[in-house]
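The numbers here are math on the coordinates, done by the rules we state, and not lab data. Predicted, not measured: the structure shown is a model, and the values here were computed from it. Here the Cβ is made from the backbone with ideal geometry for all residues, glycine too, and neighbour counts use every protein chain on show.
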Amino acid sequence: MEFQNKRILVTGAGQGIGRAIVERLCTQYEEVQVIALSKTLSNLELLKHKYPQIQIVQVDLQDWESTRREVSKLGPVDILINNAGVAILQPFLDIDENSFNSVFDINVKAVINISQVVAKCMIQHNIQGAAIVNVSSVASKAALTHHTVYCASKAALDSVTRSMALELGPHNIRVNSVQPTVVMTQMGQMAWSDPSKSGPVLSKIPLGRFSKPEEVVDVILYLAGPKSSMVHGVHIPVDGGFLI
């Protein structure tokens, strides 16, 4: 019942954690209205075929004006889950401007852009139980090899989350972030299947494994729902103890 009659916008919904969020909402909760946003139309069409009740939106989040235009068309939503993200991994000495811009465009600028549009509409329509959840990473707090730009973007996202919480809280809009470690989505399995790569990271996780997508979804939906009604401006790691 916690999401009954709620309109929930999920970005980066075509695959990975975003897709897992949409699937959970569509299969476990009744009368929830899910809006799935992604850059890749084929992924959205596959999702729509499986869950005909969802609304799909195709947009390139690096295009500021197109994103504002498409999100504005959606009208009021109760919950925004800023899940879209990108990682371009390069050694520090090889970082180039295009890669830097691409990562920050999606991981930081797009969150600000979409959240501005959505929050203004939430305020205008006096949405009750409004919540925004940003999907960050433990990389916001821990240095990872070849992840300089990604780490910086997620640290920036956590800072944006705190500022959003400070300014949107008086409008009864809760804002929090989730910080997963490596998540064993299909992409995660491909990227971290090599023991020589995963071993050093796993050795720092007391629970001895990476996160499952559903474990991250559990925390995201907790922060999005009424059971966290007094949780505001925080970052919750889903990392098996990596950060300790």
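Miscellaneous remarks
- A straight Cα-to-Cα reach below 27 Å connects LYS120 with the lysines LYS6, LYS39, LYS73, LYS109, LYS154, LYS227, residues fewer than 8 places away in its own chain not being considered.
- Most to least packed among 216-222, 112-118 [average Cβ atoms within 10 Å]: 216-222, 112-118
- As a proxy for reagent exposure, ranking TRP64, TRP192 by other Cβ atoms within 10 Å from fewest up yields TRP64, TRP192.
- For the chain, a Gaussian network of Cα nodes joined below 10 Å ranks ALA20, ALA130, ALA142 by mean-square fluctuation, and the top entry is ALA142.
- Three-way shape call for the range 170-244 based on the alpha-carbon gyration tensor, with the a/c threshold at 1.5: prolate
- Each Lys and Arg Cβ is given +1 and each Asp and Glu Cβ -1; about its Cα centre, the chain then shows a dipole of about 320 debye.
- Approximate spin-label separation LEU243-SER203, in nm, with each point projected 7 Å along Cα-to-Cβ: 2.4
- Sorted ascending by nearby beta carbons within 10 Å, beginning with the fewest, SER193, SER211, SER163 become SER193, SER163, SER211.
- Exposure proxy ranking, count of Cβ atoms within 10 Å, fewest first, for HIS147, HIS171: HIS171, HIS147
- Which of LEU243, VAL108, ILE220, positive extreme of dipole for the chain (C-beta unit charges): ILE220
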